[in-house]
Amino acid sequence: EHMALDWMEASRYADTDGYQDDEPRVMWRWRDWVIDVINGNMPFDRFTVEQLAGDL
């Protein structure tokens with residue numbers, strides 16, 4: 001999880017949107033995926049493609 005922190009900071013990941021009455025967020029799925037990818041040593045080029053493909 002610590003190794004994935006750089007990616008989450010670069011993407012400005014947050015479990016909250018910074019407001020006291022914010023709604024629940026589902027970004028934890030992406031966070032868990034990044035942690036699994038880092039732990040599984042996915043090649044950087046494949047990681048990048050999957051990041052971009054997720055936005056399409």
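All of the numbers you see were taken from the coordinates with simple rules; none came from a lab. Computed from a prediction, not measured in an experiment: that's the story for all the values here. Please note: Cβ atoms are built from the backbone with ideal geometry, for glycine as well, and neighbour counts cover all protein chains shown.
What ³J(HN,Hα) values, in whole Hz, does the Karplus curve 6.51 cos²θ - 1.76 cosθ + 1.60 give for region 40-51 when θ = phi - 60°, with x put for Gly and Pro?
Along region 40-51, the couplings run x, 6, 5, x, 4, 5, 5, 4, 5, 4, 5, 5 Hz.
Could the peptides 42-53, 27-38 be put in order, highest first, of the mean number of other beta-carbon atoms found within 10 Å of their residues?
By packing density, highest mean first, the sequence is 27-38, 42-53.
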